[in-house]
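Only one structure is covered here, and it is reproduced in the block below.
Just so it is clear, none of the values below were taken in a lab; they were calculated from the coordinates. Treat the numbers as computed from the prediction; the structure is a model and nothing was measured. Virtual Cβ from ideal backbone geometry, glycine too; neighbours counted across all protein chains shown.
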């Protein structure tokens, strides 16, 4: 095996490693949470304790079991089967009765292991009946559902994006955005009241003396933005606090999630990220890394934190730095969750202003934010030094997409444009390879003649190459230039919201996902083989005039014509079908170009 063959094989494996390191880095397998939940469900109480709704003058008791009996008393003792039986609303004669109420469920000769105790005033058990209804806020872009319990955004629907037959919902199930924890204060012991307008809701928090101590307000604006204000009306509660975010929900390919959970999580663990602007530095971690390690801020100047999925993002901004802020991120709900920690002991303002972005990773909306926030870094754009090229590709692709409704056609036209731009360079490269083959006998002769004089040999070889217009690097340069283009184009095709669910037709119903049947990668491999054979066919015509080393090199070229297409098939089979379509069309255009070059030099 000569040096050129060995070098080619080394380059092939280096490329294979680079592809896998860039596109599919290793990660740990997901924690088997489903099995943990099943164990928890087995140990859950058969009969749950009753639920209580409290109004000004009566109590309503309910149970998850319609046929169950609910026994209660106001004597602060454990209810038994001999206590009063609930038959409807219970009138309150004395407010102090609230703190003495006890209730228990009896069902099929069983009783709940837990009774209801109003002494604790658990927020999840007692709520104001007048405030039990959810709040709905809606704009052109966003629809929110807010719970009166803890005053959280429990559902956030993107109005102009679908997930199957439903709108995209960003918040993980049974969680909510806007949860606040105040140091040394148990907010679960307190009661919220609300004021609702057309596009806003304000939740007031009262203590046990019915005094308002804290409030938070949500204002729904245009373009996926929600203003979030935190009020402290009592100086005794102006302490350090946390704002928790539970992560972001799954919005893609949920059927595949059910049928292939491990493969689904493997892809998700790279697409989902936690991103933050900390002291004007971007910190970014994939879900795969958050699975085993928490990430935290390195300074006290956090401007924003975001949980990003493949196409959508939930982010929390600080309007201005009026207190020290840190963040901590980890995996929760199989999602990149975070909490913002605010050191606010010197809080002087009436409220602290935050705002959220709950929407698609769309550059038209993302880049509208203040450039000093560099919020556009939530958009996946390859390595930093290639951002400008990725942005350029995004502009061209979206511009073509506004004119042409089929993104498969857009990608084909885009491949044609790239080929047109680099046509002179690739044409010169192909010609250089053929001319190099033609002058090789002269170079071999010079090597023999000036074997003992390396400087003279190098001078004469350079002279021959110059006379015939041959460059040693001329054949490699186009490939080296195309590699950055490929890496810049990859995120533009994989993470572009415009390609989400974009169909080319036939079996390619989503160009942002891999070809489910590997048909396109196979077609690409076939055309790569044809191209490799065409590149060597003209050189083989002169094989009779080659020396032994040249013939060995030709044999290695023939071997590469078989190996390279197979390797590229494995490279591309798990990449977005839109990217494979681009590369396939580019290869077809290269074959056409190679045909005319071969025709020009045939017989020379």
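Classify region 51-120 as rounded, prolate or oblate, taking a ≥ b ≥ c as the square roots of the eigenvalues of its Cα gyration tensor: rounded when a/c is under 1.5, otherwise prolate if a/b is larger than b/c and oblate if not. It comes out prolate by the Cα gyration axes.
The shape of region 393-470 comes out prolate: with a ≥ b ≥ c from the C-alpha gyration tensor, a/c is at least 1.5 and a/b beats b/c. State log₁₀ I(q)/I(0) for region 129-380 at q = 0.10, 0.11, 0.15, 0.16 Å⁻¹ as given by the Debye formula over alpha-carbon point scatterers of equal weight, solvent excluded. Here log10 of I(q) over I(0) equals -0.47, -0.58, -1.09, -1.23. Label separation (residue 75 vs residue 464): 11.3 nm, computed from points 7 Å beyond Cα along the C-beta direction. Between the C-alpha center of region 59-87 and that of region 247-320 there is a gap of 46 Å. Label separation (residue 373 vs residue 422): 3.7 nm, computed from points 7 Å beyond Cα along the C-beta direction. Sorting the segments 217-226, 83-92, 559-568 by their mean number of nearby beta carbons within 10 angstrom, highest to lowest, gives 217-226, 559-568, 83-92. With a Förster radius of 60 Å applied to the beta-carbon distance between residue 240 and residue 509, the computed FRET efficiency rounds to 0.75.
Only residues of region 409-449 count here: report those whose backbone N is under 18 Å from the spot 7 Å along Cα→Cβ of residue 396, or say none. What the label zone holds, given the 18 Å backbone N cut-off, is 409-427.
Our estimate of slack between residue 522 and residue 108, defined as 0.36 nm per intervening residue step minus the Cα-Cα distance, is 142.7 nm.
Packing order of peptides 301-308, 246-253, highest average first: 301-308, 246-253 (average count of other Cβ atoms within 10 Å over each peptide's residues). Gain on full extension, evaluated as 0.36 nm per residue between residue 559 and residue 413 minus their Cα-Cα distance, stands at 49.3 nm. Taking label points 7 Å from Cα along the Cα-to-Cβ direction, residue 233 and residue 212 give a separation of 0.3 nm.
Can you compute the FRET efficiency between residue 159 and residue 270 using 1/(1 + (r/R0)^6), with r the Cβ-Cβ distance and R0 = 25 Å? Round to the nearest 0.05. The calculated FRET efficiency here is 0.30.
Ordering 146-153, 447-454 by mean Cβ neighbour count within 10 Å, with the highest value first, yields 146-153, 447-454.
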